[in-house]
């Protein structure tokens with residue numbers, strides 16, 4: 001165990017961290033903003049949640065490099081819990097470092113437990129040690145796949161978080177994608193004005209949007225790693241199995257969603273399409289939502305129409321493209337454009353809806369009414385509806401979030 005701990009903490013012996021060295025060699029690299037949100041003030045229990053391949057480990061290692069500039073190396077403890085088979089091994093790991101901490105006379109330490117959801121019932125040890133006051137002067141940060149949200153494990157720590165924060169790590173938005181490629185977008189909050197201000201950057205924004213359609217916001221894909229799709233699918237399948245869902249049934253549900261998008265559909269329609277109950281479809285969709293794969297836009301007229309058909313949208317172009325390949329189901333170009341707008345509106349405003357009565361509006365969020373067209377619109381819409389096509393869509397999402 002001691003030898004493995006030393007390998008996980010190369011800064012103790014002033015050696016280079018392989019994760020940081022790999023990051024430095026990337027053609028396109030950035031320091032993620034979310035690491036600034038992690039509380040470093042004792043006592044804190046931080047949760048960093050996100051699907052695999054979004055850069056959680058790299059972000060944590062970059063934060064460690066920052067902390068190293070102002071504290072002793074051995075006050076920072078990192079461990080990848082994929083190496084831990086069970087809860088007893090987690091206890092032994094923590095006890096080993098806590099004894100080391102005691103012997104060195106450290107008051108405050110920074111403990112990072114990466115991918116902690118790999119350890120069944122991991123929360124029992126963390127919760128128990130917090131209740132015993134063992135971490136009262138420390139900063140504890142645990143990262144996990146989205147099953148930590150799925151199982152409600154963050155909710156098992158009421159009153160035990162101190163100054164800790166919940167951080168959700170998502171793929172890059174298009175605006176962030178533009179920034180890492182050298183195009184910074186300044187906004188005023190006035191959509192029409194901000195879109196006009198982009199006129200000098202229109203060609204570059206549109207060209208980078210074509211790249212974004214292919215690569216999405218995942219670090220491996222952005223850097224054209226040939227294993228990006230393979231690694232994403234492997235991680236995705238692992239999370240589905242951890243959630244105790246059937247891979248083939250998941251594939252069939254995703255296939256049905258891709259086939260029918262961007263039209264509004266019901267759980268019952270999907271169920272009939274593949275021969276299962278609407279309840280089962282609903283359960284699987286909730287799992288996919290908790291894994292940050294897709295989300296749902298209900299119908300909204302004078303109020304939210306919960307029982308009406310819903311629009312389902314994938315949260316990143318790379319996710320949609322990779323799962324399209326995985327399920328062997330093509331998707332419409334118009335669906336991809338609509339998903340991108342829906343996902344960006346959701347990031348900015350928290351919720352997104354659609355409208356359907358005598359006519360349909362694809363996206364409603366806050367006071368915005370958006371219609372998305374792959375080609376030029378063939379009909380007129382109410383005055384306050386913003387109609388986006390291939391030419392204007394990139395500028396719109398560039399200023400949203």
Requested in this report: Give the stretch 7-28 a look and list any residue that's outside any helix (DSSP H, G or I), in contact with a helix residue (DSSP H, G or I) (Cβ under 9 Å, 6 or more places away or on another chain) and closer than 19 Å to residue 69 by Cβ, or say none.
Outcome: 9, 14, 16, 17
Report task. Could you pull out the residue among 229, 179 that is at pLDDT 95 or above, closer than 22 Å to residue 388 by Cβ, not assigned by TED's automatic domain parsing to the domain that holds residue 140 and not in a strand (DSSP E or B)? Result -> 179
Report task. Looking only at the stretch 186-202, decide whether some residue is part of a helix (DSSP H, G or I) and farther than 30 Å from residue 383 by Cα. Result -> no
Query raised in the report: Quick one: in the stretch 34-45, which of the residues that are in a helix (DSSP H, G or I) and in contact with a helix residue (DSSP H, G or I) (Cβ under 8 Å, 6 or more places away or on another chain) is nearest to residue 75 (Cα to Cα)?
Result: 35
Query raised in the report: Filtering the stretch 350-370 down to residues that are crowded, with 19+ Cβ neighbours inside 10 Å and touching a residue at least 60 places away in the same chain (Cβ under 8 Å), which residue is farthest from residue 264 (Cα to Cα)?
Result: 368
Report task. Within the stretch 366-389, count every residue that is more than 15 Å from residue 354 (Cα to Cα) and either modelled with pLDDT under 90 or not assigned by TED's automatic domain parsing to the domain that holds residue 351 (or both). Result -> 8
Query raised in the report: (1) farther than 23 Å from residue 354 by Cα; (2) under 25 Å from the mean Cα position of the chain (by Cα): which one isn't true of residue 272, the others all being true?
Result: (2)
Report task. Have a look at 123, 34 and point out the one that is crowded, with 17+ Cβ neighbours inside 10 Å and under 19 Å from residue 157 (Cα atoms). Result -> 123
Query - Subset of the stretch 223-232 (residues that are crowded, with 20+ Cβ neighbours inside 10 Å and more than 16 Å from residue 315 (Cα to Cα)) - result: 228
Query raised in the report: In the stretch 331-385, what residues are in a strand (DSSP E or B), more than 24 Å from residue 254 (Cα to Cα) and in contact with a helix residue (DSSP H, G or I) (Cβ under 8 Å, 6 or more places away or on another chain)?
Result: 365, 368, 370
Query raised in the report: Counting only residues that are loosely packed, with under 13 Cβ neighbours inside 10 Å and within 22 Å of residue 93 (Cα to Cα), how many does the stretch 15-31 have?
Result: 2
Query raised in the report: Would you call residue 106 at pLDDT 95 or above, farther than 30 Å from residue 290 by Cβ and either part of a loop (DSSP other than H, G, I, E, B) or over 23 Å from the mean Cα position of the chain (by Cα) (or both)?
Result: yes
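The values are calculated or read from the model by the stated rules, or taken from the named source; none is laboratory data. Given the structure is predicted, the values throughout are model-derived calculations rather than measurements. Neighbour counts run over all protein chains shown; Cβ positions are idealised from the backbone, glycine included.
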